[in-house]
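Data first, discussion second: the structure below is written as structure tokens.
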Amino acid sequence: MRWTVRRAVPADSPEVSRINVRSWQQAYPGVVPASVLLGLRPESREPGWARWLGRPEPSAVFVALDEAGRLGAYCAVSSAREERDRLPGVRVGELVALYVDPDVWGTGAGHALSQTATDFLAEQGFEHAVLWVLRANLSGRRFYERHGWSDDGVALESEIGGERIPEVRYSRSLSPA
């Protein structure tokens with residue numbers, strides 16, 4: 001399948017929210033509490049994504065569209081949001097989110113967005129990038145590893161639905177090899 005990537009616009013917020021919810025519900029059973037997954041609703045995610053879509057650079061949201069113009073995936077990038085992710089003397093960007101509609105997993109949408117995200121961060125002057133992934137999300141971790149990211153040994157736990165969920169940080173250089 002051929003994917004076209006473009007910058008997201010405010011009108012994409014409902015579809016971004018729908019993909020966010022569907023991908024969480026398909027990817028995270030047994031990882032995130034079932035009560036959280038069952039309670040996810042796209043309409044409750046829309047205000048947050050509408051805000052993200054309005055952020056100035058270096059933050060950005062990109063979407064992947066199929067040949068028919070249907071939105072199948074999205075990613076969000078920004079400067080590193082947390083102090084722990086910054087490196088002295090190095091500009092660090094972050095891949096904040098990358099989610100693909102489960103109906104189109106394995107069709108190249110994630111690949112197209114991963115490339116766009118790292119290219120954009122490099123164009124914004126970032127030299128290094130980080131992302132956080134749930135430790136138990138093995139398919140997600142394999143995806144990132146295939147795209148040049150590696151587990152850098154930093155971990156934390158996030159509270160989701162009253163449970164502590166381990167996350168690991170992946171990082172990569174954005175400098176040309």
- Message: Just want to confirm a number: the relative contact order over the chain, from Cα pairs under 8 angstrom separated by 6+ residues, in percent.
- Response: 22
- Query: In what sequence, highest mean first, do 73-79, 101-107 appear when ranked by Cβ atoms within 10 angstrom?
  - Reply: 73-79, 101-107
- Sort V9, V154, V32 so the one with the fewest other Cβ atoms within 10 Å of its own Cβ comes first. V9, V154, V32
- May I ask which residue of V32, V154, A129 lies farthest towards the positive end of the charge dipole of region 19-177, with charges of +1 (Lys, Arg) and -1 (Asp, Glu) on Cβ and the Cα centre as origin? V32
- Taking one equal scatterer on every alpha-carbon of the chain, how large is log10 of I(q)/I(0) by Debye at q = 0.14, 0.20 1/Å? -0.75, -1.59
- Any chance you could tell me what percent of the C-alpha pair distances in region 99-152 go past 15 Å? 52
- Query: Over the C-alpha atoms of region 79-177, what are the Rg and the largest Cα-to-Cα span, Dmax, in Å?
  - Reply: 13.8, 43
- Computed label-point distance, nm, for sites D152 and A50 using a 7 Å Cα→Cβ extension: 3.5
- Task: Let me know the charge dipole size of the chain about its Cα centre in debye, to the nearest 20, where only the beta-carbon of Lys, Arg (+1) and Asp, Glu (-1) is charged.
- Result: 80
- Distance histogram in 5 Å bins (all Cα pairs of region 36-110, percent per bin): 3, 13, 18, 20, 19, 15, 7, 3, 1, 0
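Read-outs: derived from the displayed coordinates by stated rules, not from any lab. Everything numeric here is computed off the predicted structure, so don't read it as measured data. Reconstructed Cβ throughout: ideal geometry from the backbone, glycine too, with neighbour counts over all protein chains shown.
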